[in-house]
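Before any comments, here is the structure.
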Amino acid sequence: MSDSEDGGRQRFRQLPNGEKEFDDGVDRGDGRTRMGTFPKGRSGNVHGRPRGAINASKVVMQQLSRMVSMTNGDGSKESLSRYAASILKLTNVGLGSGNVRALERIIMLGLALEDKGDAVKPPLPLNDADRATLALIAQRIAERQNSAEEGNEKGRSE
């Protein structure tokens with residue numbers, strides 16, 4: 001290989017007929033050579049990403065941090081972030097209707113947040129025994145909530 005402007009390596013591309021076309025370093029007018037590469041030491045993104053540019057994660061966090069008003073079971077209004085409201089809704093759906101998938105998601109989220117300080121580990125998938133256990137827990141919680149509500153109603157009627 002012969003020395004060239006890019007530090008001793010000649011660039012080429014393989015043509016469909018099997019021949020190699022070498023990059024002669026001729027500028028196409030936009031700073032790139034015929035092969036579409038930039039000369040050594042020159043970037044294609046000269047000015048870089050503008051300071052303060054919003055990426056997808058910032059947009060999601062902005063939307064999740066917006067506040068919403070929710071009405072509690074007792075009729076009082078509470079102001080929560082959309083993120084907190086989503087977690088509350090997911091928890092209520094899981095516990096209220098015994099939705100095992102919702103319970104699984106909220107538990108996995110809790111575990112992921114617990115382990116935040118450590119290296120992030122992918123959550124283990126739940127097997128049938130785990131799902132059955134979660135269903136029993138959801139059923140017991142729902143029964144306790146129902147019995148507590150019945151006790152409150154009896155106290156009100158007396």
- Query: In the stretch 50-70, what count of residues is obtained for those that are part of a loop (DSSP other than H, G, I, E, B) and hydrophobic (A, V, I, L, M, F, W, C)?
  - Reply: 2
- ASN127 is checked against (1) under 24 Å from the mean Cα position of the chain (by Cα); (2) at pLDDT 80 or above; (3) surrounded by 11 or more Cβ atoms within 10 Å (Cβ to Cβ); (4) of a type outside the set (Phe, Trp, Tyr) and fails just one. What number does that condition carry? (3)
- Hey, ALA132 hits all of (1) modelled with pLDDT under 85; (2) farther than 18 Å from GLY96 by Cβ; (3) more than 20 Å from the chain's Cα centre (by Cα) but one; which does it fall short on? (1)
- Could you tell me whether the stretch 83-105 includes any residue that is in a helix (DSSP H, G or I), over 30 Å from ARG144 (Cβ atoms) and either in contact with an Asp or Glu (Cβ under 7 Å, 6 or more places away or on another chain) or at pLDDT below 85 (or both)? no
- Where residues in the stretch 49-80 are surrounded by 10 or more Cβ atoms within 10 Å (Cβ to Cβ) and hydroxyl-bearing (Ser, Thr, Tyr), which of them is farthest from GLU149 (Cα to Cα)? SER65
- Note on the structure: Those residues of the stretch 123-149 which are charged (D, E, K, R) and over 18 Å from LEU111 (Cα atoms) amount to ASP128, ARG140, GLU143, ARG144, GLU149
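The values are calculated or read from the model by the stated rules, or taken from the named source; none is laboratory data. None of these values were measured; they are calculated from a predicted model. Cβ coordinates were reconstructed from backbone atoms using ideal geometry, including for glycine residues, and neighbour counts include every protein chain displayed.
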